[in-house]
Each structure stands twice: as C-alpha cells, then as structure tokens.
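*Asks:* Here it is: the structure, laid out below.
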C-alpha cells in the first residue's frame, strides 16, 4: 500500500460521521483514518472556515469539545495549501474550494471524499466515502 492517501474531505462527510449511529459506516471509517493519521488531509482557509461554520450550526447542536477536537486534529495533522483558482462553475459555489484543492498539482493522486459527487464534474479524483474505503481497504489487502 502507498504511504498515505492524499485527501480533501468535504464538510458533509464530517457532519455525517458525527451524526452516524453506525461505527463501521464509511463516513465514520474515513474520520477514524483521519484521527489515526492513516490519510493525509489537505485543506485551505476557505475549507477550514466552512468546517467551523457548519460544525457550529445550532441545528446540529454538536458538542463544542468534539468540534475543537476535530478542528485541532485537522490543523495539527493536515497540510494547508493555497490552491490555484479556476473558472469552473459548480452547482454550489461553496464546493469550489474543495474542487480546486483536490485538482491542484501540489496534491498528487488526491481524492475528494464527498457525499455529494453529483455536485462536481465526474472525475476519478472525486469519490464517495464508500468508494474511498473500498479503494483503501482493497489496496491495504494487496500488501
């Protein structure tokens, strides 16, 4: 297996993992890989601001210590990258920083893990949590 997978994690994956009641769901597995430092997360200021904004929304009522733990883990173990801007138009412009980052040449073989693949152009770099876990586990078994 390669050293670590380079990933960008969409906010919806973090939210879904926190809300999940299934400890072996793909979104929870992605978060566990992040906390175990088994994947290399990339982020930028726009993504970090969205993480903070969404995770602090009153409708979720997430525990503030859990949010702090997640944000601290991302900032501590993630790599901050300033991606090149593109002219691409997406269904939701808030998705643009995630797309630009995973497509940036500084992130080799990166994957954007998202629950909303339909919000992005079809590309092998854009995968669902389930697809990512299948790729990860398949490659781990080969070695």
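The values are calculated or read from the model by the stated rules, or taken from the named source; none is laboratory data. Keep in mind that this is a model prediction, so the values were computed, not measured. Glycine gets a Cβ as well: all are built from the backbone with ideal geometry, and neighbour counts include every protein chain shown.
*Asks:* Inside the range 103-143, can you point out the residues that are in a helix (DSSP H, G or I) and closer than 15 Å to residue 40 by Cβ?
*Replies:* Hits for the range 103-143 are 132, 135, 136, 139.
*Asks:* Hey, among the residues in the range 48-86 that are out of contact with any strand residue (DSSP E or B) (no Cβ under 9 Å at 6 or more places or on another chain) and closer than 16 Å to residue 102 by Cβ, which one's surrounded by the most Cβ atoms within 10 Å (Cβ to Cβ)?
*Replies:* The extreme case among them is 50.
*Asks:* Could you please find all residues in the range 9-47 being surrounded by fewer than 19 Cβ atoms within 10 Å (Cβ to Cβ) and part of a helix (DSSP H, G or I)?
*Replies:* Residues satisfying the conditions are 12, 15, 16, 18, 19, 32, 35, 45, 46.
*Asks:* Would you please name the residue that is farthest from residue 35 (Cα to Cα), looking only at residues in the range 53-84 that are in a helix (DSSP H, G or I) and touching a residue at least 24 places away in the same chain (Cβ under 8 Å)?
*Replies:* The first filter runs over the range 53-84 and keeps only residues in a helix (DSSP H, G or I), leaving 53-55, 64-77.
Narrowing further to those that are touching a residue at least 24 places away in the same chain (Cβ under 8 Å): 54-55, 66, 70, 73-75, 77.
On the way: 54: 20, 55: 17, 66: 12, 70: 8, 73: 7, 74: 9, 75: 12, 77: 9 Å.
Ranking the qualifying residues of the range 53-84, first place goes to 54.
*Asks:* Kindly list the number of the only condition in (1) surrounded by fewer than 16 Cβ atoms within 10 Å (Cβ to Cβ); (2) touching a strand residue (DSSP E or B) at 6+ places or on another chain (Cβ under 7 Å); (3) modelled with pLDDT under 90 that fails for residue 91.
*Replies:* Of (1) surrounded by fewer than 16 Cβ atoms within 10 Å (Cβ to Cβ); (2) touching a strand residue (DSSP E or B) at 6+ places or on another chain (Cβ under 7 Å); (3) modelled with pLDDT under 90, only one is false for residue 91: (2).
*Asks:* Select from the range 94-132 the residues that are closer than 17 Å to residue 32 by Cβ and out of contact with any strand residue (DSSP E or B) (no Cβ under 9 Å at 6 or more places or on another chain) and list them in ascending order.
*Replies:* 115, 130, listed by residue number.
*Asks:* Which condition breaks for residue 2 when tested against (1) at pLDDT below 90; (2) over 18 Å from residue 135 (Cβ atoms); (3) over 13 Å from the mean Cα position of the chain (by Cα)?
*Replies:* Only one criterion is unmet by residue 2, namely (2).
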